[in-house]
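Contents: one structure, followed by commentary.
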Amino acid sequence: MAWLLVVVAGLFETGFAVCLKLSHGFSRLWPTVAFCVFALGSFGLLTLSLKKLDVGPAYAVWTGIGAAGTAIYGMAFLGDLVSTLKLVSISLVVVGVIGLQISGSSH
């Protein structure tokens, strides 16, 4: 259950990063409101998960999902440049997070 919270928190992290972009410096109301909701949800779920998980792997998964998800969303929906190097780099982030997770967690 704690890992599910981390995954959802990571998806919310993607949401708050995208909304931060769409808010145009907090000058647009609804993207700003959505940013606040996603950020509070993300940090709240991460906080709950850390009651049962080691901080290193949990934080790595959270940031990995957020970073990879935001980059993929940007390329798919916001017109960000798609390049082989970007795709390989996203893959390396995902592999690194998986490696950290399987390297050993006491829970």
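The numbers here are math on the coordinates, done by the rules we state, and not lab data. Since the structure is predicted, the reported quantities are computational estimates derived from the model, not experimental observations. Cβ atoms come from the backbone with ideal geometry, glycine included; neighbour counts cover every protein chain shown.
Criterion applied to 44, 15, 56 was being buried (at least 17 other Cβ atoms within 10 Å of the Cβ), assigned to a helix (DSSP H, G or I) and not hydrophobic (A, V, I, L, M, F, W, C), and the one residue passing it is 15.
Residue-wise test of (1) surrounded by fewer than 19 Cβ atoms within 10 Å (Cβ to Cβ); (2) more than 18 Å from residue 98 (Cβ to Cβ).
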{"position": "19", "(1), (2)": "no, yes"}
{"position": "22", "(1), (2)": "yes, yes"}
{"position": "52", "(1), (2)": "yes, yes"}
{"position": "64", "(1), (2)": "no, no"}
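Whenever a residue of region 46-71 is free of Cβ contacts under 8 Å to residues at least 40 places away in the same chain, its partners that are of a type outside the set (Gly, Ala, Ser), lying with C-beta atoms within less than 7 angstrom and at least six residues away or across chains, give the pairs 67/93; 68/90; 68/93; 68/94; 71/86; 71/90. I'd like to know if region 92-105 contains one or more residues that are in contact with an Asp or Glu (Cβ under 6 Å, 6 or more places away or on another chain), small (Gly, Ala, Ser) and surrounded by fewer than 17 Cβ atoms within 10 Å (Cβ to Cβ). Checked region 92-105: at least one residue is in contact with an Asp or Glu (Cβ under 6 Å, 6 or more places away or on another chain), small (Gly, Ala, Ser) and surrounded by fewer than 17 Cβ atoms within 10 Å (Cβ to Cβ).
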